[in-house]
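Everything on this sheet refers to the single structure shown next.
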2 protein chains.
Amino acid sequence: MRSDSRLSRMLHALIHMDRHDGAMTSEQLAQMLNTNPVVVRRTMAGLRDQEIVRSEKGHGGGWALNRALAEVSLLDIYRALGDPRLFAIGLADDDPRCLVEQAVNAAVADTLAAAEALVIARFGEVTLADIARDFDARFAAVMGRKGSEA
Amino acid sequence: MRSDSRLSRMLHALIHMDRHDGAMTSEQLAQMLNTNPVVVRRTMAGLRDQEIVRSEKGHGGGWALNRALAEVSLLDIYRALGDPRLFAIGLADDDPRCLVEQAVNAAVADTLAAAEALVIARFGEVTLADIARDFDARFAAVMGRKGSEA
DNA sequence: GATCATGCAACTCCTGTTGTTTCAAGAAAC
DNA sequence: GTTTCTTGAAACAACAGGAGTTGCATGATC
């Protein structure tokens with residue numbers, strides 16, 4: 001399957017929302033994410049349930065952040081999306097009778113569990129504010145280059 | 001998609017092959033793996049190309065190991081399968097213009113790269129012999145329980 | 001030459017994200 | 001109060017990639 005890009009899309013959207021005055025519509029977000037307003041609403045639904053964002057209908061409605069960027073970690077978003085499956089590889093049978101397969105599963109599952117723990121830990125340490133700061137640095141770098149061109 | 005179980009299937013098959021006298025047919029392996037001989041041949045093809053196993057046609061033909069279990073790491077098998085995609089999640093766009101998305105990508109890709117490095121390192125450290133030893137321990141444990149039941 | 005086994009091509013099936021259409025419902029503007 | 005804008009939700013098609021399946025060619029052994 002093509003890979004699940006909901007996490008990165010939501011991060012992208014949330015940071016833009018933070019820099020935007022007032023609510024952003026699904027239509028605006030969809031254009032930014034190069035997709036479709038329905039996909040935006042569907043994906044944002046989980047974040048709304050977790051009160052990371054709020055949505056409002058009607059004129060002037062749309063989506064807005066409900067918390068400061070520094071108060072939202074990548075893990076919060078990952079969880080709000082329903083803990084999407086992390087790995088594309090897995091076991092042939094989760095509870096096999098064959099002892100050989102049990103030994104194989106233990107070896108593979110151990111490694112994947114360690115990798116998953118690492119991902120979860122790192123997602124928990126990084127906030128949206130960290131990413132926004134990195135964006136600011138990238139922006140400053142581009143501006144610096146443009147200035148020196150003149 | 002349901003997850004890619006080629007790695008665990010191959011590990012399972014290879015250890016059985018090691019404990020088996022003579023070549024094993026795709027049909028025999030397929031029954032063990034609860035699948036189809038064509039799937040076995042298709043998946044084993046990569047291992048044959050890497051000379052981890054060999055195959056022979058005709059009467060008495062089938063598949064046999066080409067190396068000692070201790071000389072084959074999980075990473076060798078993973079590589080022989082063509083480095084299957086490890087993660088189910090990914091970036092929306094690998095090379096975006098938007099600086100916000102670049103910052104998001106950096107954060108997500110960093111974490112995934114660290115997790116992938118961990119998986120690759122651990123796969124490189126574990127050999128088929130390690131798994132076979134674990135199987136022996138499990139087998140001994142079962143035998144021990146059965147003995148004490150009598 | 002009959003039989004057994006792999007090699008390979010060409011499908012279909014399955015599963016989960018993504019894309020799309022459609023309509024109901026609520027909120028602001030006029 | 002009607003129009004307009006927006007989300008909410010259901011329903012379905014598109015797509016991707018592993019898995020399953022069929023059919024047949026090729027080669028080795030009996």
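The values are calculated or read from the model by the stated rules, or taken from the named source; none is laboratory data. None of the values given here were measured: they were computed from a predicted structure. Reconstructed Cβ throughout: ideal geometry from the backbone, glycine too, with neighbour counts over all protein chains shown. The area values use the complete protein model at the heavy-atom level, side chains included, leaving out ligands, DNA and RNA. Shrake-Rupley method; radii C 1.70, N 1.55, O 1.52, S 1.80 Å.
Filter the range B:24-47 for residues that are closer than 23 Å to residue B:130 by Cβ and of a type outside the set (Ser, Thr, Tyr); which is farthest from DNA strand D (Cβ to nearest atom)? Spell out the reasoning first.
At the first step, the residues of the range B:24-47 found to be closer than 23 Å to residue B:130 by Cβ are B:24, B:29, B:32-33, B:43-44, B:46-47.
This time we only want the ones that are of a type outside the set (Ser, Thr, Tyr), so: B:24, B:29, B:32-33, B:44, B:46-47.
Numbers: B:24: 15, B:29: 11, B:32: 12, B:33: 7, B:44: 12, B:46: 11, B:47: 13 Å.
Looking at the filtered set, the residue picked out is B:24.
Select the helices (runs of 4 or more DSSP H) contained entirely in the range A:19-89, then report the ones holding at least 2 residues which are surrounded by 12 or more Cβ atoms within 10 Å (Cβ to Cβ) and of a type in the set (D, E, K, R). Full working, then the answer.
Details: elements: A:26-33, A:37-49, A:74-80.
Of the helices (runs of 4 or more DSSP H) lying wholly inside the range A:19-89, those with at least 2 residues that are surrounded by 12 or more Cβ atoms within 10 Å (Cβ to Cβ) and of a type in the set (D, E, K, R) span A:37-49, A:74-80.
For the list (1) in a loop (DSSP other than H, G, I, E, B); (2) open to solvent by 20 Å² or more (accessible area, probe 1.4 Å); (3) over 19 Å from residue A:19 (Cβ atoms); (4) at the interface with chain A (Cβ under 7 Å from one of its Cβ atoms), I need the number of the one condition that residue B:114 fails.
(1)
Do you know which of the residues in the range A:69-109 that are of a type in the set (Asp, Glu) and more than 20 Å from residue B:13 (Cβ to Cβ) is farthest from the chain's Cα centre (by Cα)?
Initially, the range A:69-109 is screened for residues of a type in the set (Asp, Glu), giving A:71, A:76, A:83, A:93-95, A:101.
After this cut, where a residue has to be more than 20 Å from residue B:13 (Cβ to Cβ) as well, the list is A:71, A:76, A:83.
Details: A:71: 15, A:76: 9, A:83: 11 Å.
Once the filter is applied, the top-ranked residue is A:71.
Considering the range A:1-50 alone, what residues qualify as being within 22 Å of residue B:108 (Cα to Cα), near DNA strand C (Cβ under 7 Å from one of its atoms) and of a type in the set (A, V, I, L, M)?
Listed by number, the residues that qualify are A:1, A:39.
One residue is enough: does the range A:19-35 have a residue meeting the conditions touching a residue at least 24 places away in the same chain (Cβ under 8 Å), more than 8 Å from chain B (Cβ to nearest Cβ) and under 17 Å from residue A:79 (Cβ atoms)?
No: zero hits.
(1) under 24 Å from residue B:19 (Cβ atoms); (2) more than 9 Å from chain A (Cβ to nearest Cβ); (3) without any contact (Cβ under 8 Å) to a residue 12 or more places away in the chain: which one isn't true of residue B:127, the others all being true?
(3)
When only residues in the range B:80-100 that are within 14 Å of DNA strand D (Cβ to nearest atom) and of a type outside the set (A, V, I, L, M) count, which is farthest from residue B:120 (Cα to Cα)?
B:94
For the range B:5-23, which residues satisfy the criterion of being within 18 Å of the chain's Cα centre (by Cα) and more than 11 Å from DNA strand D (Cβ to nearest atom)? Before you say what the answer is, go through the steps one by one.
Quick first cut of the range B:5-23, residues within 18 Å of the chain's Cα centre (by Cα) only: B:5-19.
If the condition is that a residue be within 18 Å of the chain's Cα centre (by Cα) and more than 11 Å from DNA strand D (Cβ to nearest atom), then B:11, B:12, B:13, B:14, B:15, B:16, B:17, B:18, B:19 are the ones that fit.
So, in the range B:90-99, of the ones that are more than 7 Å from chain A (Cβ to nearest Cβ) and out of contact with any helix residue (DSSP H, G or I) (no Cβ under 7 Å at 6 or more places or on another chain), which residue ends up surrounded by the most Cβ atoms within 10 Å (Cβ to Cβ)?
So the residue we want is B:98.
Give just the number: which of (1) facing another protein chain (nearest Cβ under 7 Å); (2) among the acidic types (Asp, Glu); (3) within 16 Å of residue A:135 (Cβ to Cβ) does residue A:4 not satisfy?
Only one criterion in (1) facing another protein chain (nearest Cβ under 7 Å); (2) among the acidic types (Asp, Glu); (3) within 16 Å of residue A:135 (Cβ to Cβ) is unmet by residue A:4, namely (3).
For the range B:1-18, give me each residue that is among the hydroxyl-bearing types (Ser, Thr, Tyr) and either outside any helix (DSSP H, G or I) or open to solvent by 40 Å² or more (accessible area, probe 1.4 Å) (or both). Spell out the reasoning first.
Looking only at the range B:1-18, we keep the residues that are among the hydroxyl-bearing types (Ser, Thr, Tyr), and these are B:3, B:5, B:8.
Those that are among the hydroxyl-bearing types (Ser, Thr, Tyr) and either outside any helix (DSSP H, G or I) or open to solvent by 40 Å² or more (accessible area, probe 1.4 Å) (or both): B:3, B:5.
How many of the residues making up the range A:64-89 are under 30 Å from residue A:21 (Cβ atoms) and more than 9 Å from every other protein chain (Cβ to nearest Cβ)? Explain how you work it out, then say what you get.
Step one: filter the range A:64-89 for residues under 30 Å from residue A:21 (Cβ atoms), giving A:64-81.
Add one more test, that the residue is more than 9 Å from every other protein chain (Cβ to nearest Cβ), and what stays is A:64-73, A:75-77, A:79-81.
Count: 16.
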